[in-house]
Amino acid sequence: MSLLELKGVTKSFGAIHALQGIDMTISEGEAVGLMGDNGAGKSTLMRIIAGNFLPTAGKIMINGSEVHFNKPVDARNNGIEIVYQDLALCNNLTAAANVFLGREIRKKFGPISYLDHKAMFEKAGELFRELKSETRPRDLVKQMSGGQRQAVAIARTRLSDPKLVLMDEPTAAISVRQVAEVLNLIHRLKDSGHAVILVSHRMPDVFEVCDRVAVLRRGAKVADKQINATSPEEVTGLITGAIENA
Amino acid sequence: MTDTTQKSHAEIDESITSRQEMSGLQAALKTQPFWVFVAIIAIGVVMSFVSDVFLTERNFFNITRNFAFFGIMALGMSAVICTAGIDLSVGSLMGLAGIVTGLVMQAGYGIGFGFIACMGAAAIVGLVNGVLIAYLRMAPFVVTLGMLAMSRSIAMVISNNKMIYDFGPDQDLFEWIGGESVFGVPNPVWVLMILTVVFWWVWRYSTWGRWVIAIGGNADAAKLAGIPVERVIVSVYVLCSCCAGLAAFLLVGWFGSVTNALGLTYELNVIAATVIGGANLMGGVVYAFGAPIGAALMELIRNSLLLAGIDALWQQFFVGLFLILAVLLEQIRNRGRS
Ligand SMILES: Nc1ncnc2c1ncn2[C@@H]1O[C@H](COP(=O)(O)OP(=O)(O)O)[C@@H](O)[C@H]1O
Ligand SMILES: [Mg+2]
C-alpha cells in the first residue's frame, strides 16, 4: 500500500487551471523529484498535499484511506511536513522561535505554563548541527543569509517525525556547500524511512537524491519515471514540451 | 586524541548554539525605550536647574499619577500596534466605560458590579472591533474610527448628557482606588507598575505573547504554523479595550465625577505614547517598558513647559515634535543596522 496516493487532483483558481487530474503515488521511504517550468503547478500541488487548500476535485489518500486537509495542521497531524518555497518565516523572531512557532516547548509552574527558552534554544541548536548549518538559534531571522533561513525552515520539519516531507525549491536560494548539505539531509531522511517530494529546478539535485521523477507541464503530469530509466536530457525535453510525454 | 577533538567540536557547537549577536545590556542599548528613557533623564536634569518645584515629591506624585492612565492604555495599545493594527476607539471607550460604571454605581450597586460593568462594556467594544478586523478582514483604522464615533454616541445617549457624581454606597472606596495612594505612590501608578511587569512577562514568556509578535512579523507564516491568528487578533483588541476600561475606572474614581466627554482625544496621546515608546506601526515590535516610558515622556513635556513658564498652548507642539523625532531616530538606527 502506498503512503500517499493522489487520484485525479484538480485545482482551479477562477479561470486558471493550475492542476488537471494529477494521479501520483509515493511509497514509504521513497524520494520523488517533481519538476516543471515556472507556473507548471508544482507549488500548488505541494500546497494541496500540505493542507493549504482543498483540491477543486480529486482525492488524497493516506495509507489507503481518504483524507480532507482543511488546514495545514491537519496534514501535519497525518505525518506530512512542508518547507514552503517562500519559507514562511517571521523575520522579527529568532531562529529558534521560528523553528518552534506554533509548537513551543513549555514548562509548568503550578497552573502557569511558560515558554522554555533554554530547551528551545538547545533543541534548535541540535537540529542545526544535524543539518551542519552554522545557524545560531538566538539570531533574528532578519539578519540571516538565504542558506540559514533555509536551515530554519528545514529544521521546522524535524520537530515531529513525519512520514512525508515536502520540499518546495529548497536549494533555489543557497550556496553550493549548503546545497550539498540539503541533499545530504534528504539522503538521511530516506535512510530513516521518510518519504520526500523534492520540487526543484536543478536537474543534478533531482538525479542525485531521487528514486523517481515526475514532470508537470501546464498543470498536467506528463511523465513519472524511475530515475535510472530516464536521463537529464529526456527530463529537460519533457519540461519544455520538446518531448510530448513519456 | 580523538576524544579531545570530539570534545572541542562539541564545545564549538555549543558556543555556536549559545552565541548571540550581543549581550543583554547591548541589546537594551539598541531599543528605543532605552533612548527615550535617556531623554527623560536629560530633561529631568535640565528641569532641576530651571525649576525648584520640579524635584519635589509633590511634583513627582502628580507627574506619575497623570501619566499612569495613559501608560495603562498604552500597554494595551502596544499589543494592537504589534499586530500592525491600530485602535482609535480607546478614548471614546473611556467615556462609555466611565458612564456605564457611573450609571451602575449610581443605581446603588456596589463597586464589584461597577467594575464588572465597566470591563464588560470595554470587552464588548473590543470584541466587536476584533471580530470585524480579524474575521471580516476590515481595516483596523476604519473599524475603530467607526467605533470611536459609536462609543461616544452611546455614552451620550445613556448618560442623557448629564454628569454623574453620585456613585452609590461604595463611593468612598471608588474614589480611594482612583484618587489615593499607598506608601506615597498613587494607586493608578501601582496599577501601571504591576501591569507593566505582567506585560513584560507575557511578551517574554507566554505563548500568547509569542504568537502576537509572530503575527506582527508575518501573519501568513503564523497561520501556516497553525497559530489561530483570528482568535489571537480578537483577543488583542479585547485586551486593548480592557486596558482603556481599567484606565477609565481609575480616572473616574480620581475625578469623583464622570461626563460623556471623558477621554476625548485621548486616543491620540495614547498612540503617540506607544510609538514614542518604540512600537512600530508596521507591526512585529513590542516593549512592555515602552508604554510607561512613552507616556512618561509626554507628561514630562507637559509638566516641564508648565514649570518653565512656557505657554501651555505649546504643549501639543512639543508632543508632536517628540513623536516625529522618535520615529526619525528609529529609522536612522534601522538604516545603520542594515
Ligand atoms: N493563490 C493563487 N491564486 C490564483 N492563481 C494561482 C494561485 N497560486 C498559483 N496560481 C497560479 O497557478 C499556476 C501554478 O502556479 P504554481 O503552482 O506556483 O507553479 P510552480 O510552483 O510550478 O512555478 C500559475 O499560473 C499561478 O499563477
Ligand atoms: Mg513554485
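The values are calculated or read from the model by the stated rules, or taken from the named source; none is laboratory data. Bear in mind that the values here come from a model prediction, so they are computed numbers and not experimental data. We place every Cβ from the backbone using ideal geometry, glycine too, and count neighbours over all the protein chains shown. What goes into the accessible areas is simple: the full protein's heavy atoms, side chains included, and nothing from ligands, DNA or RNA. Shrake-Rupley method; radii C 1.70, N 1.55, O 1.52, S 1.80 Å.
Of the residues making up segment A:223-246, those that are part of a loop (DSSP other than H, G, I, E, B) and either buried (at least 22 other Cβ atoms within 10 Å of the Cβ) or on the phi < 0 side of the Ramachandran plot (or both) are A:Thr230, A:Ser231, A:Ala242, A:Ile243, A:Glu244, A:Asn245, A:Ala246.
Residue count for segment B:88-118 satisfying the condition of being among the aliphatic types (A, V, I, L, M), part of a loop (DSSP other than H, G, I, E, B) and surrounded by fewer than 16 Cβ atoms within 10 Å (Cβ to Cβ): 1. Within segment A:204-222, the set of residues being more than 13 Å from A:Ile186 (Cβ to Cβ), within 15 Å of ligand 1 (Cβ to nearest atom) and open to solvent by less than 50 Å² (accessible area, probe 1.4 Å) comprises A:Val213, A:Ala214, A:Val215, A:Leu216, A:Arg217, A:Gly219, A:Ala220, A:Val222. The residue of segment A:123-139 that is farthest from ligand 1 (Cβ to nearest atom), among those that are farther than 27 Å from A:Asn78 by Cβ and more than 8 Å from every other protein chain (Cβ to nearest Cβ), is A:Lys132. Looking across segment A:71-93 at every residue that is within 16 Å of ligand 2 (Cβ to nearest atom) and over 11 Å from A:Val152 (Cα atoms), the one that is surrounded by the most Cβ atoms within 10 Å (Cβ to Cβ) is identified as A:Ile82. Say we look at segment A:19-42 and pick out the residues that are within 21 Å of A:Ser2 (Cα to Cα) and among the polar types (S, T, N, Q); which of these is nearest to ligand 2 (Cβ to nearest atom)? That would be A:Thr25.
Identify the residue in segment A:146-186 that is away from every other protein chain (no Cβ under 14 Å) and of a type in the set (Gly, Ala, Ser) and, among all such residues, is surrounded by the most Cβ atoms within 10 Å (Cβ to Cβ). Ranking the candidates gives A:Gly147 first. Residues in segment A:16-60 that are open to solvent by 40 Å² or more (accessible area, probe 1.4 Å) and of a type in the set (Lys, Arg) were compared, and the one that is nearest to ligand 1 (Cβ to nearest atom) is A:Arg47. A single entry from B:Gly120, B:Gly126 fulfils the requirement of being closer than 17 Å to B:Ala248 by Cα and without any contact (Cβ under 8 Å) to a residue 40 or more places away in the chain: B:Gly120.
Being modelled with pLDDT of 90 or more and within 11 Å of chain B (Cβ to nearest Cβ) is a description that applies to A:Asn98. From the list A:Leu159, A:Leu183, the one residue that fits, being more than 16 Å from ligand 2 (Cβ to nearest atom), of a type in the set (A, V, I, L, M) and outside any helix (DSSP H, G or I), is A:Leu159. Could you grab me the full set of residues in segment A:10-48 that are touching a helix residue (DSSP H, G or I) at 6+ places or on another chain (Cβ under 6 Å) and without any contact (Cβ under 8 Å) to a residue 24 or more places away in the chain? Result: no residue meets the conditions. Within segment B:285-302, is even one residue at the interface with chain A (Cβ under 10 Å from one of its Cβ atoms), farther than 20 Å from B:Phe318 by Cβ and buried (at least 24 other Cβ atoms within 10 Å of the Cβ)? Looking through segment B:285-302, at least one residue is at the interface with chain A (Cβ under 10 Å from one of its Cβ atoms), farther than 20 Å from B:Phe318 by Cβ and buried (at least 24 other Cβ atoms within 10 Å of the Cβ).
Rundown of residues vs (1) in contact (Cβ under 8 Å) with a residue 12 or more places away in the chain; (2) within 14 Å of chain A (Cβ to nearest Cβ), yes/no style:
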position	(1), (2)
B:Ile164	yes, no
B:Leu173	yes, no
B:Gly178	yes, no
B:Gly184	yes, no
B:Trp200	yes, yes
B:Tyr205	no, yes
B:Trp208	yes, yes
B:Val212	yes, yes
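Suppose we filter A:Asn92, A:Asn63 for residues that are within 14 Å of chain B (Cβ to nearest Cβ) and away from ligand 1 (no atom under 16 Å from the Cβ); which single one remains? The unique qualifying residue is A:Asn92.
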